[in-house]
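The values are calculated or read from the model by the stated rules, or taken from the named source; none is laboratory data. Keep in mind it's a predicted model, so treat the numbers as computed, not measured. Please note: Cβ atoms are built from the backbone with ideal geometry, for glycine as well, and neighbour counts cover all protein chains shown. Surface areas here come from the heavy atoms of the whole protein model, side chains and all, with no ligands, DNA or RNA. Shrake-Rupley method; radii C 1.70, N 1.55, O 1.52, S 1.80 Å.
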2 protein chains.
Amino acid sequence: MSDFESFKAIQKKQKAYQLVLGIASWDSNTEAPKACFPYRSEMLSIVSGEYFSMQTGDEYKKVVNALYENMDDLNDIQQKEIRKAKKDLDKIDKIPKKDFVEYSKLVNMSQREWEEAKENSDFNHFKPYLEKIIKFKKKIAKYRNPDEHPYNVLLDDFEEDMTIEKYDEFFKTVKEELVPFVKKILAVKDDEMPSFITAKYPKDKQKEFVEYLMGVFGFDYDKGLLKESVHPFTWNTHSKDVRFTVRYLENYVFSSIFAAIHELGHALYEQQIDDMFDMTNLKSGASMGIHESQSRFYENMIGRSRMFWEAHYPKLQSMFSPQLKNVSLDDFYKGINRVDETFIRVEADELTYPLHILIRYEIERMIFEDEVEVDDLPALWNKKMKQYLNLEVEDDAQGILQDVHWSAGMMGYFPTYALGSAYSAQIYYAMREQLDFDKLVKDNDIEAINKWLQQNIHCFGKSMTPKEILKRVTGEPFNPKHYIRYLKEKYSELYLNGKE
Amino acid sequence: MSDFESFKAIQKKQKAYQLVLGIASWDSNTEAPKACFPYRSEMLSIVSGEYFSMQTGDEYKKVVNALYENMDDLNDIQQKEIRKAKKDLDKIDKIPKKDFVEYSKLVNMSQREWEEAKENSDFNHFKPYLEKIIKFKKKIAKYRNPDEHPYNVLLDDFEEDMTIEKYDEFFKTVKEELVPFVKKILAVKDDEMPSFITAKYPKDKQKEFVEYLMGVFGFDYDKGLLKESVHPFTWNTHSKDVRFTVRYLENYVFSSIFAAIHELGHALYEQQIDDMFDMTNLKSGASMGIHESQSRFYENMIGRSRMFWEAHYPKLQSMFSPQLKNVSLDDFYKGINRVDETFIRVEADELTYPLHILIRYEIERMIFEDEVEVDDLPALWNKKMKQYLNLEVEDDAQGILQDVHWSAGMMGYFPTYALGSAYSAQIYYAMREQLDFDKLVKDNDIEAINKWLQQNIHCFGKSMTPKEILKRVTGEPFNPKHYIRYLKEKYSELYLNGKE
């Protein structure tokens, strides 16, 4: 066997373990009965342990390193596989095993402690864990790349090629352009929530409508499924098994609908990846940011557009006649694009959302620049909420404790959420140059949009970097101005009679 | 580590693999999208291969054999674990690997070929595979125990301690007592099916009623779940994760209901096994026969009793008022216990069911006594159907090709179905001596019956053999006369005014 064949053989075994662990995780997150978990956790840790050993086995390390040193005989795709394998290997292998094990235990425990802290709105309870996690993240970043800024190491984990410098530029634009614009909108918005937004919509009819949407968007049931769970998420093991979940809220139908379209966007991406990548480490979406750009694209550019509801509002209205019979399309469109100050990121509207991310980015940046003590984080958070969203945070549960990410050690993740939204706008304008987007959406020809995204983005899986994809699709590197333009166009039309 | 500790450590790892493979299989059989299977099968075969190697690894063999040779230091339960492990090991280990692999391939292929043969009602298509399977089964039985009758080796696999001699005695009773009794009943039965049996019952209300029954029987949702699938089945990985499936037939509600109660019986058994066995090879029910006795007990002794419907018919009638409003409890009770000639075993009523098994037992016995050629099997089958059920088989799909078992190499399995029913009657009369069964059922106190079964049968898992369980519960070894008594009492009351 050549080194590359050995690599593929070991990788195939790794993928087999990914598959069974993946299926177990899907089951745990959707339907497993609650009493099964003590036994299950103990058993799964054994199989995960085997999987971990496989990823760091001597034979595997040897072939990956040998191939990485000498890639000339490999074709383009093979080179990308090896580069990815080498990067993944270094992520684990450069960290002393002792630290790795200790860190894994820490994040497991921290998530439980964070939950308790959030429940009691008690930051002090979580503080010692957060301190340890931050210390560990800095240490691990040093192991992995002693010459690089630790935050850059983490940022690159979630979005290849992104750095403090690039994010600084992005968030500077967000801050300068959006913060004052949001203030303007909030000043004129109607304080009262339209009653159709919070009316009761029976769950089984919500479900029926979401199933109708699956048809509209062309979700392929031969290659996936839709199920209910407490937190909506998308899951896949390869391009022919892509699943996502929805949560139906009787008193907030639009949360159900837009969360469904959001996850559907993630799922369509995965279904449209070329199946030549199934057996490689290049399957799955290009990056967190590109993935989020697709979910946001389907959710916002399509799902929250006027054109989309010109096509589908009559259906919705007829299904929910008591709730919507007196609501015009115009009022409906305004209602689903309502801007509001909110404490909680996951409930934020499209316009204020990036400000929530701005806050987290600025704080993470300060943490890794050693510019803030953990003790001072809640006050810092609250100050920024006041500054950007004019909100007085009342307790840490609705403030700094609201997100799970830090307790899971996922520092550097948040910025990709805003980045994904910004990517989606850049892609949106590129698409409009080639497709009659409004007409396609209005004519319910989403198929044509899917196809364009498949050919330009989806089919490549991880074989192109985010940078390469953007360049290919839009002709330029990442440029936040499209995002600002998109938001200002949309929301000044909605709130300011088209003036900024 | 002592040998026993090594044994437990290796076994724990095996159980971890059982768990992930088990979850994958549950997923495959309930919701996995159809396009996922080529990739999934390839990946699962890798993990199954690892699991197989673990079961036959040198270290494992060494400790099991050492412990088996010297069990004095072990306690009673530990001795049972080792005896079971040794038996399971021999099942694989005495067969040359080459034969094992070839046989596994054969049964995989045969099941597909059987499906096709059944679809086209073409026995000749399946014949060469069946011939090979029979040859293999004989060869494997010889490897495993050269001094034993090959059919005895197979029978013991599905029901410990059962032999041709014992089954001969059982089926002789069935033949002598039931065949003429069934003829008498069939002669007087009303040819016309009552219309409420085949009326249309909406699926969602069927589902609601089955969920109501879960409450009646005390299924513990913290330790399991109920789901839909094409073929009803029960699945579990340990006592705290026991699931079963139901299929709702709009035009045959009683199939849905009684299949649900049947699977529920299997599931309750698994949920009530003491969790001290979860980490051992003694978890799960004692044997196929004892398991079937429990599903049959819940389905027939409780579910098809008049007392049960005295408690629950008003509920059913109110839920399905158009279909049942003019059906008296008496007619309903007769309808759900209707006896009829049927070609298909899985659709047979309680009374004719054992005759279907009799046919299969007699044929399997002849096969392993070399008294029949594969060529002559269809004619033999049809002759027996005429003899016992007075039916003219029209094609092999409704004849010899109807069951999957032989194509999967499961020879020796069928007899346990009849045995389970017979066990259930023996257990039933023993229970009646201690509990006021009729009153408990009528008063909807199934809990008391569950408890009795838990204490007398369920809690022991595989730590007692079927023989030991029967002796303990009924005070005597297996005795088919209880089964004959039960069927004659019930059906002469229903059809012959209480006379035989």
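Residue-by-condition table, conditions (1) at pLDDT below 95; (2) of a type in the set (Asp, Glu); (3) buried (at least 18 other Cβ atoms within 10 Å of the Cβ):
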residue: B:GLU263; (1), (2), (3): no, yes, yes
residue: B:ARG306; (1), (2), (3): no, no, yes
residue: B:LYS315; (1), (2), (3): no, no, no
residue: B:PHE320; (1), (2), (3): no, no, yes
For the stretch B:194-225, which residues satisfy the criterion of being assigned to a loop (DSSP other than H, G, I, E, B) and either modelled with pLDDT of 95 or more or more than 24 Å from B:GLY498 (Cβ to Cβ) (or both)? B:ALA199, B:LYS200, B:TYR201, B:PRO202, B:GLY218, B:PHE219, B:ASP220
Could you please give the count of residues in the stretch B:93-137 that are more than 23 Å from the chain's Cα centre (by Cα) and either among the aliphatic types (A, V, I, L, M) or open to solvent by less than 70 Å² (accessible area, probe 1.4 Å) (or both)? 20
Looking at (1) surrounded by 17 or more Cβ atoms within 10 Å (Cβ to Cβ); (2) part of a helix (DSSP H, G or I), find the lone condition where B:LYS451 falls short. (1)
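Quick grid of which residues meet (1) modelled with pLDDT of 95 or more; (2) among the polar types (S, T, N, Q):
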{"position": "A:ASN65", "(1), (2)": "yes, yes"}
{"position": "A:LEU74", "(1), (2)": "yes, no"}
{"position": "A:ILE77", "(1), (2)": "yes, no"}
{"position": "A:ARG83", "(1), (2)": "yes, no"}
{"position": "A:ASP90", "(1), (2)": "no, no"}
{"position": "A:LYS94", "(1), (2)": "no, no"}
{"position": "A:ASP99", "(1), (2)": "no, no"}
{"position": "A:SER104", "(1), (2)": "no, yes"}
Whether any residue in the stretch B:429-441 is out of contact with any Phe, Trp or Tyr (no Cβ under 8 Å at 6 or more places or on another chain), loosely packed, with under 15 Cβ neighbours inside 10 Å, within 30 Å of B:ALA311 (Cα to Cα) and polar (S, T, N, Q) is what I want to check. no
Criterion violated by A:MET279 - all others in (1) under 30 Å from A:LYS15 (Cβ atoms); (2) under 22 Å from the mean Cα position of the chain (by Cα) satisfied: (2)
Mind checking which pairs have a first residue in the stretch A:297-313 that is farther than 23 Å from A:THR352 by Cβ and in the same structural domain as A:ASP445 (by TED's automatic domain parsing) and a second that is polar (S, T, N, Q) and surrounded by fewer than 23 Cβ atoms within 10 Å (Cβ to Cβ), Cβ under 9 Å, 6 or more apart or different chains? A:ALA311/A:ASN444; A:HIS312/A:ASN444
In the stretch A:161-194, what count of residues is obtained for those that are surrounded by fewer than 12 Cβ atoms within 10 Å (Cβ to Cβ) and either in contact with a helix residue (DSSP H, G or I) (Cβ under 9 Å, 6 or more places away or on another chain) or among the charged types (D, E, K, R) (or both)? 7
Residue among B:ILE357, B:ILE363 that alone is at pLDDT 95 or above, hydrophobic (A, V, I, L, M, F, W, C), in a helix (DSSP H, G or I) and under 15 Å from the mean Cα position of the chain (by Cα): B:ILE357
Pair list, Cβ < 7 Å and 6+ apart or interchain, from the stretch A:412-438 residues that are at positive phi to residues that are open to solvent by 10 Å² or more (accessible area, probe 1.4 Å): A:GLY412/A:ASP157; A:GLY412/A:PHE158
All positions within the stretch A:348-372 that are closer than 17 Å to A:TYR252 by Cα and either free of Cβ contacts under 8 Å to residues at least 40 places away in the same chain or of a type in the set (A, V, I, L, M) (or both): A:ALA348, A:ASP349
Specify which of the listed residues (B:PRO466, B:PRO415) is out of contact with any Phe, Trp or Tyr (no Cβ under 7 Å at 6 or more places or on another chain) and buried (at least 17 other Cβ atoms within 10 Å of the Cβ). B:PRO466
Index of the failed condition, B:LYS227 passing every other in (1) within 14 Å of chain A (Cβ to nearest Cβ); (2) surrounded by 21 or more Cβ atoms within 10 Å (Cβ to Cβ); (3) of a type outside the set (Asp, Glu): (2)
In the stretch B:195-224, what count of residues is obtained for those that are open to solvent by less than 60 Å² (accessible area, probe 1.4 Å) and either touching a strand residue (DSSP E or B) at 6+ places or on another chain (Cβ under 8 Å) or within 14 Å of chain A (Cβ to nearest Cβ) (or both)? 7
Residue in the stretch A:236-245 that is within 14 Å of another protein chain (Cβ to nearest Cβ), open to solvent by 30 Å² or more (accessible area, probe 1.4 Å) and touching a residue at least 24 places away in the same chain (Cβ under 8 Å) present: yes
Is it true that B:LYS471 is open to solvent by 20 Å² or more (accessible area, probe 1.4 Å), assigned to a helix (DSSP H, G or I), within 26 Å of B:GLU165 (Cβ to Cβ) and in contact (Cβ under 8 Å) with a residue 60 or more places away in the chain? no
The condition of being crowded, with 18+ Cβ neighbours inside 10 Å and closer than 25 Å to A:VAL153 by Cα holds, among A:ALA408, A:ALA348, A:ALA422, A:ALA397, only for A:ALA422
With (1) of a type in the set (A, V, I, L, M, F, W, C); (2) part of a loop (DSSP other than H, G, I, E, B); (3) open to solvent by less than 10 Å² (accessible area, probe 1.4 Å) as the list, and A:VAL327 as the residue in question, which single condition is left unmet? (3)
All but one of (1) within 18 Å of B:HIS405 (Cβ to Cβ); (2) assigned to a helix (DSSP H, G or I) hold for B:LYS184; state the number of the condition that does not hold. (1)
Filter result (open to solvent by 30 Å² or more (accessible area, probe 1.4 Å) and of a type in the set (Lys, Arg)) within the stretch A:284-304: A:ARG304
Among (1) under 29 Å from A:GLU493 (Cα atoms); (2) without any contact (Cβ under 8 Å) to a residue 24 or more places away in the chain, the one test that A:ASP204 misses: (1)
Please go through the stretch A:335-345 and give me each residue that is of a type outside the set (Val, Ile, Thr) and either part of a loop (DSSP other than H, G, I, E, B) or buried (at least 17 other Cβ atoms within 10 Å of the Cβ) (or both), ordered by number. A:ASN337, A:ARG338, A:ASP340, A:GLU341, A:PHE343, A:ARG345
Note on the stretch A:1-20: residues more than 8 Å from every other protein chain (Cβ to nearest Cβ) and open to solvent by 20 Å² or more (accessible area, probe 1.4 Å) are A:MET1, A:SER2, A:ASP3, A:PHE4, A:GLU5, A:LYS8, A:ALA9, A:ILE10, A:GLN18
I'd like to verify a number: residues in the stretch B:146-155 that are in contact (Cβ under 8 Å) with a residue 40 or more places away in the chain and open to solvent by 20 Å² or more (accessible area, probe 1.4 Å), how many? 2
Residues of the stretch A:21-80 being β-branched (Val, Ile, Thr), more than 10 Å from every other protein chain (Cβ to nearest Cβ) and either free of Cβ contacts under 8 Å to residues at least 40 places away in the same chain or open to solvent by 50 Å² or more (accessible area, probe 1.4 Å) (or both), which ones? A:THR56
